[in-house]
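Right, one structure below, let's go through it.
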Amino acid sequence: MNDIASQIQFEATPKGGRYFLVMPNGEQSRLTFVKEGENHIIADHTFVPPPYRGDGIGEAMVERLFADARQQGLKITPTCWFVADEFKRHAPKWNDVRA
């Protein structure tokens, strides 16, 4: 998992941002969010190409999102089912970041 985490890239967008990882076949795994105010983001989409699902890539992107949000003092509302499931899985450890 640490190897995956070190390969995750971040890109700010005009409306929010995205975490992504270029897969060996050229496709991208990604997690996107939109800004909902100064200190609030909405995690709205996570995608991992089918051949790479189950390898911990989605989890690593969500963990990076949470670490960055905590460091920046942001709250997260998950509208993506995968991010919401990760919130539940890591409760109560991540409750301080949930909006």
What percent does the relative contact order of the chain come to when contacts are Cα pairs within less than 8 Å and at least six residues apart?
-> 23 percent
Taking Cα atoms only, helix 81-90 is inclined relative to the longest principal axis of the chain by an angle, in degrees rounded to 10, of 70 degrees
Please pull out the direction-averaged projected area of the range 2-97, using the convex hull of its alpha-carbon atoms, in nm² to one decimal place.
-> 6.1 nm²
Fraction of antiparallel bridges per DSSP, the chain only, in percent to nearest 5 = 75 percent
Which Cα, out of Trp94, Tyr52, Val62, lies furthest along the positive dipole direction of the chain (beta carbon charges, K/R +1, D/E -1)?
-> Trp94
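Rule-based calculations on the coordinates, nothing more; no lab input. The model shown is predicted, which means the values in this text are computed figures rather than measured ones. Because the Cβ atoms are built from the backbone with ideal geometry, glycine has one as well, and the counts that use them run over all protein chains shown.
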